[in-house]
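Structure, as structure tokens:
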Amino acid sequence: MDGNNREFLKRLLETFRVEAEEHIRAISAGLMDLEKNPGEDEFTVLIETIFREAHSLKGAARSVDLKEIEAVCQPLEGAFSALKRGEITLSPALFDLFHRAINVITQLISSPREKRTTGEKSKTRELISRLAELSRGAETKITSEEPPRVIEPPAPEPVMEAYSAGESSDGTAPQAADERITMETVRIPTARLDPILLQAEEMILIKMAAGQRVIELKEIDHALASLKDSSEKWKEQGPGVMGRGVDTVWKEISLSTLQDKLTAVTRVAEQDFRTISRMVEEHLESMKQLLMLPASALTEVFPKMVRDLARDQGKEAELVIIGAEIEIDKRILEELKDPLIHLLRNCIDHGIKKPEERILLNKKAKGTISIDFRIKDGRQLEILVSDDGEGIDEKKVHDVAIKSGYLSRETSGSLEQRKIIPLIFASGITTSPMITDISGRGLGLAIVREKAEKLGGTVSVETHSGRGTAFRLAMPLTLATFSGVLVRTDEYVFVLPTLNVERAVIINREEIGTVENRETINLDGHIISLVRLCDVLELPAVKSKTTESISAVVIKYGDSSIAFQVDEVLEEHQVLVKGLGRQLVRVRNIAGATVLGTGRVVPVLNVPDLLKSALKTSAPARIEETGQLKTVKPINILVAEDSITARTLIKNILETAGYRITTAVDGMDAFIRARSGEFDLVVSDVDMPRMNGFELAAKIRNDKKLADLPVVLVTALESREDREHGIEAGANAYIVKSSFDQSNLLEVVKRLL
């Protein structure tokens, strides 16, 4: 195949992918609506819609010779045809089968045939067989013995990549090349293109006007040059000649004439500036509109994700989305994907209980999770993610925070709930009893906060015992430009986001107080810390003239406010923020830079970083010198595995990471060694002779000496029942061998030690 044909085929497959994902979204949405038991008329419409979408998808796959996708769509279309004829009836198990079919089709779109395993191909053939029986109108023995697995589908362009059900080794959603919101192509209504075309045409007039200004300025420059040449000649010919020359020249060109020309050009230039400013603002606004997408572009796959994750844990949950029509900057949507996925998973993992538990608490068997998009003050986006679960257990958060070192036992007793609950956003804080492929690493909510701060926003949480939890994200609607306040400290100028500037104040020095060795000021009855911006940014100290009053800017972020002393508050500007490039991806306290009208490059300060640095700067210094080297106690880990290959692999991974390893050939051997030795953690297989991993974990928990010893189970058993069995046995983490990798194991071990 020559290059032109290959390129054509590539474009054709990309076109198919976009079309296929539209059909998949429509089928998934239809299935979710069918599960809500609609009325007869709506039921008929939904069945017809799904039937047509499956038929269209089959035809599109056939046109690009994707036979496997066509093979799944054919019986799927037939099954819905049988539903239309009333030959089969819907059931929970049948819904599971249909969702599995959609997951398989999605996987087939994203994974080339040669990359699929023999097991995957076998499951696809089995699925086609079951769908074929349905298409013949047979009520097959459909069961739910295989819970729905959450598959990583590709990105519906230009909307978003499919959801991620698990975490990578660092707790983030997997970031494979085809798992991000790509949006390289955007469908744009022609109504939005018309204003841009008109603005482009108007720019021709500006181009002509700018050319005319150049001609006029050249004429003035030429006149001045002539005057300069005449002046030089007068000087050479002597004072008498010079006087006569002046009379002659000023009759032709006088200073007043030049002044009149300059005044006229200046006036027209000012008018041109106003016109250009208006056009630039209108053009910028029109371009922003091109990059605005409805929130539904992000949320379309979330209902199915919530359903699949809930079913995978033996729960029932429904997702309600409000305000999906609100338009948001595409770049904001891209960054919102991971935070919202983590929040939804948090609601399912920690908030929503199993149906039987909810019924005992006088709640509906099916839990409700909602995402509510709102616009505040016309410029700020607020997203509320809530559930009707049990709320956050304050005592668990309190205990985990002490164990993780975020709180000391001496000070934790006096903390109010509003200060304890936000600790869930700290890295490593989790109330999950066990680490699994779904949750338990304590990184999800830390990632949510990190992403919100990156977008110049905030995240907060409200919880009510027995009623549920709500997470509130606040951030700008667009990233293009923002208002900033220019401040000066010494000879340095910085920009602070106006969104975070609560107020600018002038304070008399006698009003500055001291609390616990920290400078403070009283504003409207509230005591807040006062720090010098130059100290926080670690700028060179410069002696300045002492004055009776100082200038300060009060910065607010979330529930925290700190006053930063500066030499001068200059003015507010509309600024365009630029990144610092790949060489400076992450600079503490700096979010980016902007260029002022004078051409000066000014850093834009990172408010979350600034507050963290300010707290460190204002904290009283404590210096302890013992003069002795601190000895580090080696960490001992016991590995129980009957397979010599697996045992050697795990031993080498952990030893390379610096741990001291002892091995055991089965559960009984491991328990004897644990009783006789001193270990910090146990890593165990499950399926072993004499005593399996579940039994080993249970015996360790029931032994007074070993009760607090962390246990990690590494096993090929990946069903929900097996994970629950591990929790009941007392394991702290459960790693499935199918998703096992070195970094995953090390991250879990580090988390538990």
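Ordered from largest to smallest accessible area (heavy atoms of protein chains, 1.4 Å probe), the residues 13, 530 come out as 13, 530.
Shown here are the Rg and Dmax of the Cα trace of segment 254-373, at 27.6, 98 Å. The listed residues 44, 715, once ranked by accessible area (1.4 Å probe) with the largest placed first, stand as 44, 715. Applying a threshold of 20 Å to the alpha-carbon distances of 353/704; 36/363; 10/121; 58/84; 304/353 flags 353/704; 10/121 as lying beyond it.
Distances between placed amide hydrogens fall under 5 Å for residue 490 paired with 567, all partners being 5 or more residues away or on another chain.
The three principal axes of the C-alpha atoms in segment 334-395 carry coordinate ranges of 44, 25, 21 Å, sorted with the longest axis first.
Only protein heavy atoms count here; under a 1.4 Å probe, residue 691 has an accessible surface of about 10 Å². Accessible area per residue (1.4 Å probe, heavy atoms of protein chains only) ranks 538, 21, 68 as 538, 68, 21, with the largest value leading.
The values are calculated or read from the model by the stated rules, or taken from the named source; none is laboratory data. Model, not experiment: these values are computed from the prediction. Accessible surface areas use protein heavy atoms only, side chains included; no ligands, DNA or RNA. Shrake-Rupley method; radii C 1.70, N 1.55, O 1.52, S 1.80 Å.
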